[in-house]
Amino acid sequence: MPASASFNVIGPAGRQGPMRAYTQSVIRRHPRLSTYGAAVVVVVIANLVALPLDHWLGYARVSMIFLAAVLISAVKLGSGPAYLASILGFFSYNFYLVEPQFTLGIESEDYLILLVFIAVAMLTGGLAGRVRDEASRSLNRARTTSVLFQAGRDFAALGDEAPIAERLVEGLAEAAQGEAVLLIDGRVRQSQSVMTLEPALIEALEACQTTGVLAPGPDGWRLRALLAEGRRLGAAAWRPTIVTIEEADQSRLIHVLIDMGTTAIARSRLSQAWAEIEARERTESLRNALLSSISHDLRTPLAAILASASSLRTFRGVFEPEVQDDLLDTITEETERLNAFVGNLLSMTRLEATALSPQSAAFDVSEALDRTLRRYERRKGSRQLAMTPSAHPLIALGDPILFEQVLGNVLDNALRFSPEDGVVTIAARYEGNVLAIDVMDQGSGVPENELELIFNKFYRSSTTRETLQGAGLGLSIVRGLMEAMGGSAVARLGEQGRGLIVRLQLPRGDS
């Protein structure tokens, strides 16, 4: 592996003794060797049991012990080890029990016994072994179906690449009944069963990812590249540690599982790329809409101020005093509107940066209401502003300056959406431990499913977005400032579904 290459290894690591490692290596190169060895052990045990019983039972009856050894080998180990047990049992029976003992010679009357023994042993061992092998194949097919079904369901449920890769490496280890390692984008993931991660294996994985060639790896590892639509995403390695009868079925299972996992990883990357594209498109659309709205909200008062100031400067000696006062009022009103809009932008920036620190103190809400209503007298036009009087002082806990900005935003919203000659009503009262201020207009209202959405940034109701300009910041700032002061802002529909009622709540400060 090049010296400049670096890998992040994820997974358990451990050490094992050289003898154990050598034994596992031999078993991996010759996976059926252990079953034949077990058959030899079974025959040796049969000899140890049969020799003491020969004196009481006779060698003809003792042959049943060797037949039992053949059957055990067939049922537990398969047909191949059963045939080996039959041959070893035949020679052991002949050598140790049949006269003359301790030779392979056979007396004429014992030929029939030995022939029957080897025939029965081979026949029963073969039949029982084939039954066992068929049962093992059926079990492997069921396991294959289960593994693929569970992996497919897990891959479909996972959306991120990292958990998909983790599930794939563990699924590979389960399918191989051994160990598994993945290399994806320089990151190595290994199954829980991996004891040691050898540098030679990482080099082989890197070469496999580069070439895309299916090849055997070091020390019994098998390698394959992860391919999706002709693109190499990484490489996988697996090494069985448990003997299986059907290596072809196991190999097909592993390759299908790798294909499923690779497809899931490619799907995750495609989904992520698509989400990024959609996010960029939404950001671009939002930026264009925001710039368009803000430019309109800035240009309108600036144009009115410029026109009024230019008229005063050019026709100062021509205009009547009433006209001049009206132009000055326009300059004042539009300047206040511009100041409020810039204040909203600054407040939104401070809310987003969590840099807003309200100065909470007890203040008279009635005074704040009076100041705000006087400020909006010139801007209400033909609409009316009505405040329900209260018999008691209205004291709340909060920041009076921020509350006036909140109230101004709510009133501006109510006046904007109220019809000509409509009435905007303000009512304040105590409700338990809070002071509630309701601002009610007589506009068209909003659909019930939009009562929460109107407090989102840049959101404009479907009933007004085509007819009225605005950045959609006012109510979002209202909720942000109220929550910063420890209060809340909610909306509900007016009576008979007409108009909108915005409720502002602050902790009461008279206790």
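The values are calculated or read from the model by the stated rules, or taken from the named source; none is laboratory data. On a predicted model such as this, the values are computed, not experimentally measured, just so you know. Heads up, the Cβs are rebuilt from the backbone with ideal geometry, glycines too, and the neighbour counts pull from every protein chain shown. We work out accessible area using only protein heavy atoms, side chains counted, and drop any ligands, DNA or RNA first. Shrake-Rupley method; radii C 1.70, N 1.55, O 1.52, S 1.80 Å.
A few remarks follow.
- Heavy atoms of Phe417 accessible to a 1.4 Å probe, total area in Å² rounded to 10: 60 Å²
- Rounded accessible area of Lys457 (nearest 10 Å², 1.4 Å probe): 90 Å²
- Under 5 Å between amide hydrogens, built in the peptide plane, is the criterion, and for Gly509 it picks out Ile395, Ala396, Leu397 among residues at least 5 positions away or on other chains.
- Whole-Hz ³J(HN,Hα) from phi, Karplus 6.51 cos²θ - 1.76 cosθ + 1.60, for region 189-206, glycine and proline x: 10, 10, 6, 5, 7, 6, 8, 9, 10, 7, x, 4, 5, 5, 4, 5, 4, 5
- Backbone phi angles across region 140-151, fed through the Karplus curve with coefficients 6.51, -1.76 and 1.60 (θ = phi - 60°), yield HN-Hα couplings of 5, 5, 5, 5, 4, 4, 5, 4, 5, 5, 5, 5 Hz in residue order; Gly and Pro are listed as x.
- Among the protein heavy atoms, those of Asp326 account for about 90 Å² of accessible surface (1.4 Å probe, every chain in place).
- Added length on full extension, which subtracts the Cα-Cα distance from 0.36 nm per residue, Leu312 to Trp56: 78.5 nm
- Residues Thr145, Thr332, sorted by accessible area with the largest first, give Thr145, Thr332 [1.4 Å probe; ligands and nucleic acids excluded].
- Residues whose amide H falls under 5 Å from that of Thr196, counting only those 5 or more places apart or on a different chain, are Gly14, with hydrogens built in the peptide plane.
- Cut-off under 5 Å, modelled amide H: who pairs with Leu226 long-range: Leu233, Gly234, Ala235, Ala236
- Using the Cβ-Cβ distance between Glu431 and Gln496 with R0 set to 25 Å, the FRET efficiency works out to roughly 0.60.
- Heavy-atom accessible area order for Asp412, Asp259, largest first, 1.4 Å probe: Asp259, Asp412
- Tensor-based shape of region 353-412 (alpha-carbon gyration tensor, a/c under 1.5 rounded, otherwise prolate or oblate): oblate
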